[in-house]
Amino acid sequence: MNKNFSFKLHFPILVFGIAAPFLFPGLQLQIATLWVMVLFALTWDIMGGQMGYNSLGNILFFGVGMYTSVLFQVGQFADIAEYTSAHGGDSFTFTNAEYYQGLIIGIIMSGVVAAITAALLGWTVFGLRGPYFAIGTLGMAIAAGELMGTWEWVGAGSGISVPVFPGGAHTRSLLFYFLTFGAAILTFVTLQWVYKTRFGLAVNAIRDDEEKAEAMGIHTVRYKTVAWSISAFFVGISGALFGNITGIIEPLEVAFPTVTFGIFMVAMTLLGGKGTLWGPVLGAVLFHTLKEVTWTYFLGWQWVALGVLIIINVVFFQQGIMGWLMEKFPEKFGIVVENKEATR
Amino acid sequence: MTNYIIEVEGVSKSYGGVVANKGISMKVPDGKITGLIGPNGSGKTTLFNSIVGYHPIDEGSIKFKGEEISTYRVPKIARLGLLRTFQQTRIYSNMNCIENMLISIPHRKMGFADMFGEREDKQTMEEVERLLDFVGLYEKRRLRSGDLSFGQQKLLEFAMALMNKPEVLLLDEPTAGINPTLINGLIDRLRRANEEFGITLFVIEHNMRVIMNMAESIYCLAHGEMLAHGSPDEIQNDQRVIDAYLGAH
Amino acid sequence: MVLVAAPVFNVQLLLDGLFIGATFALAAYGLALVWGVMNVKNLAQGDFVIMGGYIAWWLGTQGIHPLWGLPIAIVVMFAFGWGIYVTIIRRVIDKDLFTSLLATFGLAIVIAQLLNLMFGPEVQTAESDFAIRQILGVVTVAEIKVLAFVLCGILALAVVIFMKKSRMGQAIRATAQDPRAARVMGIDTDKVYAFTFSLNAAICGAAGALISMIWVIQPFYGISYSIRSFVIVTAAGFGNLPGVIMAGLGLGVMENYSGFVLGAEFQQATVVGLLLLVLIWRQIQQRKLRQVVS
């Protein structure tokens, strides 16, 4: 990717991200969701695009992060079982200090626990290739939602509510807006960095030919575990933030939305172009904007439209927007014949 | 006293009743070029796969520098310094030549932090450019390796193997599918790899002219069993080998 | 424990498990077919099943006995399968495996949502008006379940005979072994693929029609049937018909038992749990061979 091009994009995005909640206060929630979507697409692409392990169950870490966060936010100051049986925050009040301490630790721990979960689960699914991996991870995400729905301690099917924000509604939405924006930026910057290190090369090698990578002595299991953990870390954090934005965590629709957010991740990345840094960002922005603008006009057909979009995307436009650009203008991406004289 | 770097002792391997290797014993001397020949289906690639850990063996022992490796898995064996190339050339086809080379550095002493290490440090880049120059791919270094011709991919795979600084390189039919006019250049490069970089070569080869020219000792397999062993001259004049190739068995 | 106190209750669970398991095996056999012949992992498998179910159920609401829905579902689903092959599957069959998986996943979403729009999200059963008999005192057996079990067997047998004896069946098996050789021998592999995929859809349709009579259908139940099919095929291997039947029946029984012992809310969790177990078990097997599951 051209450095100049990257920089020209960074600055306007940063300005837009900071100014947006003040310019479009009515769209604040939608734009915050947009940053979550960008984060989703970027993290899905670590596995699906850069490493060639197409996970259909990355949403698992979203739920893990969400539950971890609320458990830490509540568990530090109150008994979880009592809290869940009292159905929520009204009977339990937290002081300002308690709330913010809980939130900070909750967010950090949600990432850490999600990453650890990924590392542990990786041990059980990394022997699976291609479609088996996709189906295995899909199974994990569904199982997690189902099991959470039966676990009384965390509120089972009726869910658990997050602690009530001590300030006003405006401050609350502004705070979480900037937290999601920050999380998306952090994800982007981290990925931009790791793709430039040896890690980027190694996961690409695994994508192109894992057997060859093994035969060349690359620590494939280690790279795969770390890749999934990085992905899970950020998804976990987004889960913590989203849970706090929603207010109530319910296992099937909010925490483990396998067929909504779980599929959006894949659809957005494919739309933008997998295996590139900007593709997922582009895909997420396009997808989310289109969705927000058109969703209500579909009159109940929006899910059908989503399915059709996935099919068309996969069948006719697999390379995505960035992939198409790279095919069209290879020299812009540094794919050129260079002889010795020219470089010296 | 010759020093043997690979010692195969009584190795057998069968696939669902079909015996591919039966009681094979052989030794690869350190720093030399050793050849492995035999008619199609005689079990050459099976033996290669057994050595590099691609499948478990039924019985016998395989030692690399005196260490038993027959239970290790592929990446571990590769990190010990025993590397193989594939009959169907395998490269990372969506990456360019430089990236293919950069990720082929030795992974022997890679710690956890090295995963996020600088990948294009000056020394490594110099090595990459030198080796790409060595195989004649310097001009094409920024092209997608999957877009290279078959012969060029083969050369790239060879350069990647050298980049890994192996002690032994197992080459599965390095000249198969290569334009005959390029074969001499490849032989020359293989020899130089052996002489200049001190890499022991163990080569499966169908082209008799190539292997007779290159190898110092040759093993011949037939029907999964070790048929003969000797210098190129001995092998060429061995009646059993001639019979095996003419199918008089 | 009820099961120990009243051993006859085991018979009930076992029988119900076998009855429903037979339909699982039928759908899984269809998956094994497209998997083995075309190397397409069809994630819309369960939605084909549910579609067949809705065809039989809808005919039932129009005053046609759902048993007549069975042949109609077979014919309609065959045609539907052909249409899907021509529009989607043909274009993804030579791409990498995730492409077909994702394309069929998109298809699954479309089918489920369309069914939801047309028939609503309620759980439905097609009324077949057969008697329910009591055996061994407390065990109830609905005649329709026995009939469905027998029909499953007949359908499976018909497909097996078709694969062995007919020209198309032989062409399908030849293509499964080596498509290139089959093409050289003059077999139109495109047509073979189209037929195989349609046959699979028809088999699913039949399984769904039976399920609508002996159990319940709902627009979003498709994914469970897809996962069940994957569990069965992964456990049995796709060239192994007796294995598929055994695994299908076994899965039905296991689900019934876990639903009874753990509670109905664990039924779906049991299916995905079994999927994960089967996948882990396959990995352990492959690890012994220094290989991976691919």
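The values are calculated or read from the model by the stated rules, or taken from the named source; none is laboratory data. Quick caveat: nothing in here was measured; it's all calculated off a predicted structure. Glycine also receives a Cβ, built like all others from the backbone with ideal geometry; neighbour counts cover every protein chain displayed.
You will find that of C:I227, C:I284, C:I187, C:I211, the residue that is away from chain A (no Cβ under 14 Å), assigned to a helix (DSSP H, G or I) and among the β-branched types (V, I, T) is C:I211 and no other.
Pairing each residue of the range A:60-84 that is farther than 18 Å from A:G111 by Cβ with any residue that is of a type in the set (F, W, Y) and surrounded by fewer than 19 Cβ atoms within 10 Å (Cβ to Cβ), provided the two are 6+ apart or on different chains, yields C-beta distances under 7 Å for A:A78/A:F92; A:I80/A:W153; A:A81/A:W153; A:Y83/A:F92; A:T84/A:W153.
Among the residues that make up the range A:226-237, is at least one of them assigned to a helix (DSSP H, G or I) and at the interface with another protein chain (Cβ under 8 Å from one of its Cβ atoms)? Yes - at least one qualifying residue is present in the range A:226-237. Residues considered: A:A20, A:A118. Of these, the only one that is over 24 Å from A:L147 (Cα atoms) and either in a helix (DSSP H, G or I) or more than 14 Å from every other protein chain (Cβ to nearest Cβ) (or both) is A:A20.
Scanning the range C:186-201 for residues that are under 15 Å from C:G169 (Cα atoms) and under 13 Å from the mean Cα position of the chain (by Cα) yields a total of 2. Assess whether A:Y195 counts as being touching a Pro at 6+ places or on another chain (Cβ under 8 Å) and either among the basic types (K, R) or at pLDDT 90 or above (or both). For A:Y195, the condition - touching a Pro at 6+ places or on another chain (Cβ under 8 Å) and either among the basic types (K, R) or at pLDDT 90 or above (or both) - is not met. Only one of the numbered conditions (1) farther than 17 Å from B:V52 by Cβ; (2) of a type outside the set (D, E); (3) in the same structural domain as B:G38 (by TED's automatic domain parsing) is violated by B:P174, and that is (1).
Please go through the range A:129-148 and give me each residue that is more than 7 Å from every other protein chain (Cβ to nearest Cβ) and farther than 13 Å from A:G52 by Cβ, ordered by number. Those that are more than 7 Å from every other protein chain (Cβ to nearest Cβ) and farther than 13 Å from A:G52 by Cβ: A:T137, A:L138, A:A141, A:A144, A:G145, A:M148.
Consider the range C:22-48 and keep the residues that are over 23 Å from C:D129 (Cβ atoms) and β-branched (V, I, T). The one that is nearest to the chain's Cα centre (by Cα) is C:V34.
Annotation note: of C:G273, C:G222, C:G248, C:G259, the sole residue that is part of a helix (DSSP H, G or I), within 14 Å of chain A (Cβ to nearest Cβ) and surrounded by 23 or more Cβ atoms within 10 Å (Cβ to Cβ) is C:G222.
Are any residues in the range B:235-249 surrounded by 13 or more Cβ atoms within 10 Å (Cβ to Cβ) and touching a residue at least 12 places away in the same chain (Cβ under 8 Å), and if so, which ones?
If the condition is that a residue be surrounded by 13 or more Cβ atoms within 10 Å (Cβ to Cβ) and touching a residue at least 12 places away in the same chain (Cβ under 8 Å), then B:I235, B:Q236, B:D238, B:R240, B:V241, B:A244, B:Y245 are the ones that fit.
Taken together, B:F112, B:F158, B:F150 contain a single residue that is more than 9 Å from chain A (Cβ to nearest Cβ) and over 29 Å from A:K332 (Cβ atoms), which is B:F158. List pairs: first in the range B:205-216 and within 14 Å of B:L186 (Cβ to Cβ), second of a type in the set (S, T, N, Q) and not in a helix (DSSP H, G or I), Cβ under 6 Å, 6+ apart or cross-chain? As it stands, the answer is B:N207/B:T175; B:V210/B:T175, since those pairs meet every condition given. Tallying residues that are within 12 Å of chain A (Cβ to nearest Cβ), touching a residue at least 24 places away in the same chain (Cβ under 8 Å) and crowded, with 21+ Cβ neighbours inside 10 Å within the range C:63-91 yields 2. Of everything in the range C:100-140 that is under 23 Å from the mean Cα position of the chain (by Cα) and away from every other protein chain (no Cβ under 12 Å), the residue that is surrounded by the most Cβ atoms within 10 Å (Cβ to Cβ) is C:A126.
Please verify whether B:N21 is touching a residue at least 24 places away in the same chain (Cβ under 8 Å), surrounded by fewer than 16 Cβ atoms within 10 Å (Cβ to Cβ), more than 9 Å from chain A (Cβ to nearest Cβ) and closer than 27 Å to B:D238 by Cα, treating the condition exactly as stated. Answer is no for this residue. The listed residues are B:E167, B:E129, B:E120, and the only one of them that is farther than 23 Å from A:V221 by Cβ and out of contact with any helix residue (DSSP H, G or I) (no Cβ under 7 Å at 6 or more places or on another chain) turns out to be B:E167. Among the residues making up the range A:149-171, a single one is facing chain C (nearest Cβ under 9 Å), of a type in the set (G, A, S) and outside any helix (DSSP H, G or I): A:G149. Considering the conditions (1) within 30 Å of A:H219 (Cβ to Cβ); (2) buried (at least 19 other Cβ atoms within 10 Å of the Cβ), A:I107 is excluded by exactly one of them, (1).
From A:A118, A:A205, which residue is of a type outside the set (S, T, N, Q), closer than 30 Å to B:E167 by Cβ and surrounded by 23 or more Cβ atoms within 10 Å (Cβ to Cβ)?
A:A205
Exactly one of (1) farther than 22 Å from C:F130 by Cβ; (2) more than 17 Å from the chain's Cα centre (by Cα) is unmet by C:I72. Its number? Checking C:I72 against (1) farther than 22 Å from C:F130 by Cβ; (2) more than 17 Å from the chain's Cα centre (by Cα), the one that fails is (1). When A:G200 is tested against the conditions (1) within 11 Å of chain B (Cβ to nearest Cβ); (2) within 19 Å of the chain's Cα centre (by Cα); (3) without any contact (Cβ under 8 Å) to a residue 40 or more places away in the chain, the lone failure is (3).
For the range C:54-112, residues that are within 29 Å of C:A176 (Cβ to Cβ) and assigned to a loop (DSSP other than H, G, I, E, B) total 4. Consider C:A201 carefully, then state whether it is in contact with a strand residue (DSSP E or B) (Cβ under 6 Å, 6 or more places away or on another chain) and either of a type in the set (A, V, I, L, M) or at positive phi (or both). When the stated conditions are applied, C:A201 does not pass them.
For the range A:242-258, the set of residues classified as within 16 Å of A:G57 (Cα to Cα) and either within 14 Å of chain C (Cβ to nearest Cβ) or not in a helix (DSSP H, G or I) (or both) consists of A:P251, A:L252, A:E253, A:F256, A:P257, A:T258, listed by residue number. Residues that are of a type in the set (S, T, Y), in contact with a Ser or Thr (Cβ under 8 Å, 6 or more places away or on another chain) and closer than 28 Å to C:W68 by Cα do occur in the range C:210-221. Selection of the range A:212-221 for residues being in a helix (DSSP H, G or I) and either facing another protein chain (nearest Cβ under 7 Å) or buried (at least 23 other Cβ atoms within 10 Å of the Cβ) (or both) yields A:K212, A:A213, A:E214, A:A215, A:T220.
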